[in-house]
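The values are calculated or read from the model by the stated rules, or taken from the named source; none is laboratory data. Everything quoted here is computed from the prediction, not taken from an experiment. Positions of Cβ are backbone-derived with ideal geometry, glycine not excepted, and every protein chain shown enters the neighbour counts.
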Amino acid sequence: MDIGAAGYRRFLDGDDGGIEEIIAAYKEALTLYLAGFCGDISTAEDLMEDVFVKLVVDRPAFRGKSSFKTWLFAIAGNVARDYLRKSRRRGYVPIQELTNEPGGQVLYLTFFEGFSNSEAAKIMRKTNRQVENLLYRAKQSLKSEMRKEGYKYEE
């Protein structure tokens, strides 16, 4: 059992120190992940807090079908999608969202957070093949942008 799952189990058993460990371990990574959805770090911090409030209030069941981190990031993705859906209904769409690409999400999840392609697929609610395609295109796009900036790519 990983640290997140162990902390969550302790929290569910009445030890508030468990949720504090989870927050300390995942708050920064979740904030950066959520910023990819909304394009605004301040909103991302609010959404990150909403994720942890959801854990404390709703106490969703962690069944262990994936790692705790994968499960937590999937919840965060759902919170972000709910936020974006509600924002659109109100007629507010941040300019950053219009330029946000799923490729950036998959790069962040696989390279910076160390998720496997299949874990990233679960988090993003995509198929493995879709994630592989997004990853390939994101790498190609990144390579192209780096060339424009004067960096040389070594094969």
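Within segment 23-47, the set of residues being assigned to a helix (DSSP H, G or I) and in contact (Cβ under 8 Å) with a residue 40 or more places away in the chain comprises Tyr26, Ala29, Leu30, Leu32, Tyr33, Leu34, Gly36, Phe37, Cys38, Thr43. Taken over segment 48-70, the criterion of being touching a residue at least 12 places away in the same chain (Cβ under 8 Å) and either in contact with a Pro (Cβ under 9 Å, 6 or more places away or on another chain) or not in a loop (DSSP other than H, G, I, E, B) (or both) is satisfied by Met48, Asp50, Val51, Phe52, Lys54, Leu55, Val56, Phe68, Lys69, Thr70. Apart from one condition, Asp15 fits all of (1) touching a Gly at 6+ places or on another chain (Cβ under 9 Å); (2) in a helix (DSSP H, G or I); the exception is (2).
Listed here are the residues, each with its yes/no results for (1) at pLDDT 90 or above; (2) within 16 Å of Phe37 (Cα to Cα); (3) not assigned by TED's automatic domain parsing to the domain that holds Asp40.
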| position | (1), (2), (3) |
| --- | --- |
| Lys69 | yes, no, no |
| Ala74 | yes, yes, no |
| Gly77 | yes, yes, no |
| Ala80 | yes, yes, no |
| Leu107 | no, yes, yes |
| Phe111 | no, no, yes |
| Met124 | no, yes, yes |
| Met146 | no, no, yes |
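As for segment 46-54, it holds at least one residue that is among the β-branched types (Val, Ile, Thr) and either farther than 17 Å from Val106 by Cβ or surrounded by fewer than 16 Cβ atoms within 10 Å (Cβ to Cβ) (or both). Pairs please, first residue from segment 110-134 and touching a residue at least 12 places away in the same chain (Cβ under 8 Å) and in a loop (DSSP other than H, G, I, E, B), second anywhere and surrounded by 14 or more Cβ atoms within 10 Å (Cβ to Cβ) and among the polar types (S, T, N, Q), Cβ atoms under 7 Å, 6+ apart in sequence or on different chains. Short answer, once both residue conditions are applied: Phe115/Thr70.
The sole residue among Lys65, Lys27 that is at pLDDT 95 or above and either on the phi > 0 side of the Ramachandran plot or surrounded by fewer than 16 Cβ atoms within 10 Å (Cβ to Cβ) (or both) is Lys27.
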